[in-house]
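Since the structure comes first, as C-alpha cells, the remarks are kept for the end.
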Amino acid sequence: MNVLLIEDDPTIARSIEMLLASEKHSCRAAASGIEGLTLAEDAGHDIIILDLMLPDLDGFQVLRQLKITNAAIPVLILSGLSNIEQKTKAFESGADDFLTKPFNRAELLARVKAMGRRTEGEEGPASTGGMGSALLDAIPAG
C-alpha cells in the first residue's frame, strides 16, 4: 500500500514511516499542509494519514481540499486533538477515520489495513485525476 503521511513532528513521522515499512507499505512524508497537498497531486496514494495541527495550513482546510480534489482516497486523521467537537468536525470535513495521539502502533496498522481493504475493489491505487495546481489555488489565504 502507498501511504501519504502529512505530519510536522519529525519524530512521529519517522516512527510511522518505519512502522509502515515493517509491514511492506511505502510511505511518502510531508512536514506541512502545502507540501502534503503538493505530494497529493501525484497519483498512486492508497491512503493519506493527516495531522490536524500543521505549521502552515489548518489541517481541516487541508482535509477539505484533499476531499474536493479526490474523495476516493481515504484519509485517516492522526491528531492530538481529542475532544468530540474536533472529531466531529474532522468527519464532517471528510475524514474516513480518526485516531488520537498518543496512538498504539498496532491500532494504527490495523486501521491502515482496514482502510486498504475498503479500497481494494477499486482499480489500483487511488488516483488524483490530474489535480494540478488547483489544490493550492483553491485554499484561501490567511
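Read-outs throughout are calculated quantities, based only on the coordinates presented, and are distinct from any laboratory measurement. Because the structure is a prediction, the values reported are computed rather than measured. A quick note on method: Cβ atoms are made from the backbone with ideal geometry, for glycine too, and the neighbour counts reach across all protein chains shown.
If we count every other residue with Cβ under 11 angstrom of Glu23's Cβ, Lys/Arg +1 and Asp/Glu -1, where does the sum land?
Neighbourhood net charge equals +3.
Set Lys and Arg Cβ to +1 and Asp and Glu Cβ to -1, take the dipole of the range 1-115 about its Cα centre, and tell me which of Phe91, Gln65, Ala30 lies farthest positive. The residue sitting most towards the positive pole is Phe91. Positive contributions from Lys and Arg (+1) and negative ones from Asp and Glu (-1), summed over other residues with Cβ under 11 Å from the Cβ of Leu52, come out at -1. Straight Cα distances below 23 angstrom link Lys87 to the lysines Lys67, Lys101, Lys113, with same-chain residues fewer than 8 positions distant left out. Computed from backbone phi, the HN-Hα couplings of the range 40-51 come to 5, 5, 6, 5, x, 8, 8, 8, 10, 9, 10, 7 Hz, rounded to whole numbers (Karplus: 6.51 cos²θ - 1.76 cosθ + 1.60, θ = phi - 60°; Gly and Pro given as x). Looking at the range 2-120, the DSSP beta bridges with both ends there are about 5 percent antiparallel. Compactness of the range 2-120 is given as radius of gyration and Dmax, 12.7, 35 Å, from Cα positions.
Extension gain for Ala21-Glu107 works out to 29.4 nm (0.36 nm per residue, less the C-alpha to C-alpha distance).
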